[in-house]
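Chemist: Please see the structure below; I have some questions.
The values are calculated or read from the model by the stated rules, or taken from the named source; none is laboratory data. Note that the structure is predicted; figures quoted are calculated from it, not measured. We place every Cβ from the backbone using ideal geometry, glycine too, and count neighbours over all the protein chains shown.
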Amino acid sequence: MHRSKGAVVLATGAALMALGTSAAALETKISGQVNRALMAVDDGAKSDTFFVDNDNSSTRIRFVGAADASPGLKAGVLFEVEFQGNDSNLVNMPGSPTGPGRSTGSPTFGERHTAVFLEAGWGRVTLGQTDGAANGAVEVDLSGTSVAHYAGNTDIAGGFHFRDNAGAFTSATIAGTSSQQDFESRYDVVRYDTPLFGGFKLAGSFGTKANSDVKELALWYSGNLGAAGGLAGALGFSQRGVAAGDDEIVGGSISWLHASGFNATLGLTDRDDPTAGRDKQFSYLKLGYKLGKHAFSVDFGRGEDQAAAGDEADFFGIGYVYTPVAWAEFYALVKQHQLDRSGASLQDINVAMIGTRLKF
Amino acid sequence: MRPRHALPIALLGVALAGCSAVPVAYRSGTEIPEGPGMFSGAEGAFVFRSGARAASSEYEEFIRWRAEKARQPQR
């Protein structure tokens, strides 16, 4: 691995030298979005409303710049930060055992991407804080309703605790019991992506997350099948070294959007968690329909054995997104989370949300 | 068929379908959407382009001048 890191350093240096010796076409783009919502939650004992930043696709600013470093070689930077107040995945009922309650306090910028890349006919090498090779591989979704709901179900109301029949909080949360286990997210990596071959590309990354070495590998696909519509999918693997051994996740997703507007999405992951000493599973199914400016979908998901052996955490959702113009989306979501735990009787959590994402 | 087996089988179907498909770029719906922006207009981003192409031409002209100068006999 040291050898590959050295190669990246050499390549980056070569690109910078090339930039220093020849003027090049330079293009920078700044874009962003604001995504705010009103969320209502009923946990069986209490109901409340929350003004949130939708963590499915948070409020953020993105800066991308690239220049021709030399003939056939492009060098660039990617910088993206989010700015969330009352993150929809963190807020929870006042008095909860953990968490901020209805407000997370003053928002601060959170790093999403701070990376440099080199791109040529051989593919792309990225260095810095960015997506691991498999990040998003369980979230491929062509439904057009991802801003309302997708495999990452815990991004909305993930911080809420289930209550028992007496109304007392338990330690079990939505996030802890039905995570989509989307590999290792974003962290400091060196990543390589092959060029596209017939719609396929392979990506591999190595990095460090929370003082642990992480390796990821993923196969990505996206293609247009003509009258049969569009198809996209990914298969990923991650391995993170922890004290008890290797924490490994394997899984992926596939999504099909027929020309009629009908769409179907499937996602599955299996995590071998040596710290917990058991496998943790997640499965997800979404069916939807897109017609012009409207997109509608229903989904079902299940997390198994995540917070405790024998846990079954189910969720059902209905989502709708209206896109009157390309830069504005108005969305609505209702969903229910259930937790079936041995020896416990827990109350369902119901969530409703309306919001808008405006791209500026 | 167990659910865990469904994905590899589905991806095998994708591989076969990929043989006849036209590749398209996939963009996650949880990223900043493509297309126009409220303030940024049709490009969907505030775009800054340097006058680098002109500078590049000037630089190339300088390189040519320097090479020509080097070929000339020194007085």
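Chemist: Conditions: (1) touching a helix residue (DSSP H, G or I) at 6+ places or on another chain (Cβ under 8 Å); (2) of a type in the set (S, T, N, Q); (3) more than 18 Å from residue A:185 (Cβ to Cβ). Residue A:323 meets all but one. Number of the miss?
Modeler: Single failed check for residue A:323: (1).
Chemist: Quick check on this structure: which one of A:281, A:239 is of a type outside the set (A, V, I, L, M, F, W, C), closer than 26 Å to residue A:145 by Cα and at pLDDT 95 or above?
Modeler: None of the other options fit; the residue is A:281.
Chemist: Related question: Testing residue A:284 on (1) free of Cβ contacts under 8 Å to residues at least 60 places away in the same chain; (2) buried (at least 20 other Cβ atoms within 10 Å of the Cβ); (3) not hydrophobic (A, V, I, L, M, F, W, C), one condition comes back false. Which one is that?
Modeler: (1)
Chemist: Checking residue A:169 against (1) away from every other protein chain (no Cβ under 14 Å); (2) crowded, with 20+ Cβ neighbours inside 10 Å, only one condition comes out false. Which one?
Modeler: Of everything listed in (1) away from every other protein chain (no Cβ under 14 Å); (2) crowded, with 20+ Cβ neighbours inside 10 Å, residue A:169 misses just condition (2).
Chemist: Ok, one more. Please count how many residues of the stretch A:307-360 are more than 23 Å from residue A:36 (Cα to Cα), of a type in the set (S, T, N, Q) and in contact (Cβ under 8 Å) with a residue 60 or more places away in the chain.
Modeler: 2
Chemist: If you don't mind, there's one more thing I want to ask. If you scan the stretch A:64-88, which residues turn out to be more than 13 Å from every other protein chain (Cβ to nearest Cβ) and in a loop (DSSP other than H, G, I, E, B)?
Modeler: A:72, A:84, A:85, A:86
Chemist: For the stretch A:96-124, how many residues are among the acidic types (Asp, Glu) and either closer than 30 Å to residue A:40 by Cβ or over 23 Å from the mean Cα position of the chain (by Cα) (or both)?
Modeler: 1
Chemist: Still on this model: Do we have any residue at all in the stretch A:89-110 that's buried (at least 18 other Cβ atoms within 10 Å of the Cβ), in contact (Cβ under 8 Å) with a residue 12 or more places away in the chain and outside any loop (DSSP other than H, G, I, E, B)?
Modeler: no
Chemist: Another one. For residue A:117, all conditions in the list (1) in contact with a Leu (Cβ under 8 Å, 6 or more places away or on another chain); (2) surrounded by 24 or more Cβ atoms within 10 Å (Cβ to Cβ) hold save one; what is the number of the exception?
Modeler: Every condition holds for residue A:117 apart from (2).
Chemist: Among the residues of the stretch A:127-144, are any among the polar types (S, T, N, Q), more than 14 Å from chain B (Cβ to nearest Cβ), out of contact with any helix residue (DSSP H, G or I) (no Cβ under 6 Å at 6 or more places or on another chain) and assigned to a strand (DSSP E or B)?
Modeler: Scanning the stretch A:127-144, I find at least one residue that is among the polar types (S, T, N, Q), more than 14 Å from chain B (Cβ to nearest Cβ), out of contact with any helix residue (DSSP H, G or I) (no Cβ under 6 Å at 6 or more places or on another chain) and assigned to a strand (DSSP E or B), so the answer is yes.
Chemist: Residue B:14 - would you say it is under 25 Å from residue A:143 (Cα atoms) and modelled with pLDDT of 80 or more?
Modeler: Here the answer is no, as residue B:14 does not meet what is asked.
Chemist: I'd like to check something: does the stretch A:105-113 contain any residue that is more than 25 Å from residue A:301 (Cα to Cα), polar (S, T, N, Q) and modelled with pLDDT under 95?
Modeler: yes
Chemist: Report whether or not residue A:223 is part of a strand (DSSP E or B), within 14 Å of chain B (Cβ to nearest Cβ) and modelled with pLDDT under 95.
Modeler: It is true that residue A:223 is part of a strand (DSSP E or B), within 14 Å of chain B (Cβ to nearest Cβ) and modelled with pLDDT under 95.
Chemist: Just to verify a result, which residue in the stretch B:40-57, among those that are within 8 Å of another protein chain (Cβ to nearest Cβ) and outside any loop (DSSP other than H, G, I, E, B), is modelled with the lowest pLDDT?
Modeler: The extreme case among them is B:55.
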